[in-house]
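First the structure, in the form of structure tokens, and then the observations on it.
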Amino acid sequence: MKNISKAIDISEYLRNNHKNIYNTNKVHYCIGINDADYSTDTSENRQRISCPCYKAWVRMLERAYSSKWHDKYPSYSNVLVCKDWLYFSNFRKWWINNYTDGYQLDKDILSQEIKIYSPETCIYIPQWLNKFTIDCSRTRGYYKIGVTYHNISGKFQARCRNPVTKKRECLGLFESECGAHDAWLKRKLELALELKQEMDAIDLRIYPNVVEIIKNIK
């Protein structure tokens, strides 16, 4: 059954009703070619209409090739976009068949080793799932993920955010940092199993990859 999407409807409307009469190809970040055969940004009845697919494509290029983005998020400095997707029209063909309203483009959940945006590595996933697999290394501080130092007790506290309740669960106090991290890992894997059915409904490849991602977070 084909996905019903407001964003896809807007993109298709623009393509069917606002042809690119000037036939110009705009270059983004010195590498991405907007070869759309329609206007990706136009006005109609004094209302601005922008193509959601085009926005997604430009944001993807920004993450891979913007020096300003890399200064803010250094982990993206070695990310690439596959040759086919350097052309907007090729990305759009994939997007039409894979986009879901409210979901986010992800390049890591299916392949942790290959840092490239491509049809083989990318998938649209809900925001809660994207956050569930992020290691938060930029903001979590000195200790292992899931661990903070409890000043009053002089012990290590383990906490884990529940994506269902959206609350941070306190898992107890431990004598060692590793003990607290192990408690976080155990709970994180339990939550992943509880959410397996939802992951499987999106793509059967997701759950086993999520388990590996969780196990590899330090």
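Out of region 31-68, which residues are modelled with pLDDT of 95 or more and either closer than 18 Å to Asp106 by Cβ or acidic (Asp, Glu) (or both)?
Answer for region 31-68, where residues must be modelled with pLDDT of 95 or more and either closer than 18 Å to Asp106 by Cβ or acidic (Asp, Glu) (or both): Pro52, Cys53, Lys55, Ala56, Trp57, Val58, Arg59, Met60, Leu61, Glu62, Arg63, Ala64.
For Ser153, work out the one condition from (1) more than 19 Å from Asn216 (Cβ to Cβ); (2) without any contact (Cβ under 8 Å) to a residue 12 or more places away in the chain it doesn't fulfil.
Going through the list (1) more than 19 Å from Asn216 (Cβ to Cβ); (2) without any contact (Cβ under 8 Å) to a residue 12 or more places away in the chain, Ser153 breaks only (2).
List the helices (runs of 4 or more DSSP H) that sit entirely inside region 101-208 and contain at least 2 residues that are under 27 Å from Arg59 (Cβ atoms). Spell out the reasoning first.
Values: elements: 127-132, 177-194, 196-202.
Because the criterion is at least 2 residues that are under 27 Å from Arg59 (Cβ atoms), the helices (runs of 4 or more DSSP H) in region 101-208 that meet it are 127-132, 196-202.
Residues are listed down the side, and each one gets a yes or a no for (1) touching a helix residue (DSSP H, G or I) at 6+ places or on another chain (Cβ under 8 Å); (2) not in a helix (DSSP H, G or I):
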residue	(1), (2)
Val27	no, yes
Ala36	yes, yes
Cys53	yes, no
Trp57	yes, no
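Please find, among Cys136, Cys170, the residue that is at pLDDT below 95, loosely packed, with under 14 Cβ neighbours inside 10 Å, among the hydrophobic types (A, V, I, L, M, F, W, C) and under 25 Å from Lys196 (Cβ atoms). Let's see the steps before the verdict.
Details: Cys170 fails: at pLDDT below 95.
Exactly one of Cys136, Cys170 is at pLDDT below 95, loosely packed, with under 14 Cβ neighbours inside 10 Å, among the hydrophobic types (A, V, I, L, M, F, W, C) and under 25 Å from Lys196 (Cβ atoms), namely Cys136.
Suppose we filter region 77-89 for residues that are open to solvent by less than 50 Å² (accessible area, probe 1.4 Å) and not β-branched (Val, Ile, Thr); how many remain?
Taking region 77-89 first, the residues open to solvent by less than 50 Å² (accessible area, probe 1.4 Å) are 79, 81-82, 85-86, 88-89.
Subsequent filtering for residues that are not β-branched (Val, Ile, Thr) retains 82, 85-86, 88-89.
So the answer is 5.
Within region 186-208, how many residues are in contact with a helix residue (DSSP H, G or I) (Cβ under 7 Å, 6 or more places away or on another chain) and under 20 Å from Tyr143 (Cβ atoms)? Steps first, answer last, please.
Going residue by residue through region 186-208, those that are in contact with a helix residue (DSSP H, G or I) (Cβ under 7 Å, 6 or more places away or on another chain) are 188-189, 192, 196, 199-200, 206-207.
Those still in the list that are under 20 Å from Tyr143 (Cβ atoms) too: 188-189.
Number satisfying all stated conditions: 2.
The values are calculated or read from the model by the stated rules, or taken from the named source; none is laboratory data. These numbers come from a predicted model, not from an experiment. A quick note on method: Cβ atoms are made from the backbone with ideal geometry, for glycine too, and the neighbour counts reach across all protein chains shown. These area figures cover heavy atoms from the full protein model, side chains too; ligands, DNA and RNA do not enter into them. Shrake-Rupley method; radii C 1.70, N 1.55, O 1.52, S 1.80 Å.
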